[in-house]
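Have a look at the structure below, then the notes.
The values are calculated or read from the model by the stated rules, or taken from the named source; none is laboratory data. Remember, it's a predicted structure, so these values are computed and weren't measured experimentally. FYI the Cβ positions are ideal-geometry reconstructions off the backbone, even for glycines, and counts take in every protein chain you see.
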DNA sequence: CTAGATCCTCAAGTAACTTGAGGAGCAACT
DNA sequence: AGTTGCTCCTCAAGTTACTTGAGGATCTAG
């Protein structure tokens with residue numbers, strides 16, 4: 001068996017969460033209380049997976065309450081399957097919406113950087129053609145996605 | 001001239017920020033103090049653009065401090081153009097990184113929903129094949145992006 | 001066996017808002 | 001002219017999701 005036990009610092013490294021954040025998650029009941037050896041917390045591979053998943057969801061802007069829901073999707077075995085699918089579907093909708101917005105910002109920024117590199121661009125920003133382009137792209141972004149409902153279903 | 005003056009509620013609608021949030025942004029100096037008529041704030045098209053841009057950046061997970069920096073990108077004309085480009089480039093890196101992670105999550109979720117719809121799925125989650133698929137996809141997601149540096153440059 | 005890194009708990013601080021109290025102003029129907 | 005209802009104002013307190021700090025114990029390497 002290769003299941004080594006990890007102290008909290010190693011878990012933090014592997015999951016990209018900070019040590020105090022992990023303790024905080026335990027405190028609020030998002031992750032189960034860790035096993036202890038001489039008062040110190042010990043973790044396994046399952047904990048690395050769970051925490052990585054949690055950190056990822058947080059990066060995407062889901063609230064801790066929603067993350068709790070998502071974690072329970074694949075850990076809790078006594079829920080109605082259709083209900084679980086509906087939750088996942090709704091999360092998927094949000095994720096797709098975020099992706100279109102991120103794509104629009106990516107386009108704005110890359111256009112800006114490209115034109116800033118290609119045009120003669122030695123002076124201050126007021127002389128720089130690319131700056132005007134940038135503020136123009138933001139207007140375009142707005143036109144592209146006019147009815148951004150602010151995902152109130154998910155973060156309210 | 002078609003420049004109508006907007007009360008704070010209309011600005012909130014158009015920019016997708018809440019009314020208290022706009023007042024808060026004024027208070028912390030992120031947006032300039034609005035003109036007033038009978039004590040009430042009045043705004044124009046420029047304010048709609050600025051606030052929409054700010055809201056969008058916040059949705060993408062940039063801190064208010066970073067947003068301040070980005071707002072000054074196209075409003076402040078006395079900065080070195082190369083410096084401005086470097087800031088934009090760094091933002092672009094973060095945005096691209098977020099996009100690959102979002103894409104991975106999108107894949108996980110859509111696979112889950114699809115298989116949940118196709119297989120016989122009438123009981124509880126412990127009976128459902130799709131749940132096992134989902135937790136498997138999360139492991140895949142982890143393998144796809146192992147060195148997530150947590151964007152410390154941007155949100156520290 | 002000691003020096004430094006890592007761990008522990010508990011309390012307080014921070015960012016970015018949100019909510020609530022208490023009150024004034026404007027629009028528009030009657 | 002009155003009053004009903006919506007929007008606005010300020011100021012203070014609450015919320016979420018952490019982070020930082022104090023004060024102390026414990027493990028690990030040289």
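Among residues of the stretch B:58-69 being more than 8 Å from every other protein chain (Cβ to nearest Cβ) and surrounded by fewer than 21 Cβ atoms within 10 Å (Cβ to Cβ), the one that is nearest to residue B:18 (Cα to Cα) is B:58. Against the definition (without any contact (Cβ under 8 Å) to a residue 60 or more places away in the chain, within 14 Å of another protein chain (Cβ to nearest Cβ) and within 12 Å of DNA strand C (Cβ to nearest atom)), how does residue A:21 come out, yes or no? Against the criterion (without any contact (Cβ under 8 Å) to a residue 60 or more places away in the chain, within 14 Å of another protein chain (Cβ to nearest Cβ) and within 12 Å of DNA strand C (Cβ to nearest atom)), residue A:21 qualifies.
Filtering the stretch B:47-55 for residues that are within 10 Å of chain A (Cβ to nearest Cβ), within 12 Å of DNA strand C (Cβ to nearest atom) and in contact (Cβ under 8 Å) with a residue 12 or more places away in the chain leaves a non-empty set. Listed by position, the helices (runs of 4 or more DSSP H) contained in the stretch A:1-102 that have at least 1 residues being at pLDDT below 90 and under 17 Å from the mean Cα position of the chain (by Cα) are A:45-59, A:64-75. Considering the stretch B:25-42, and only residues there that are under 19 Å from residue B:68 (Cβ atoms) and surrounded by 14 or more Cβ atoms within 10 Å (Cβ to Cβ), the residue that is farthest from DNA strand C (Cβ to nearest atom) turns out to be B:34. Within the stretch A:59-70, residues that are within 20 Å of residue B:58 (Cβ to Cβ) reach partners that are crowded, with 19+ Cβ neighbours inside 10 Å with beta carbons closer than 6 Å, at six or more positions or on different chains, in the pairs A:67/A:54; A:67/A:57.
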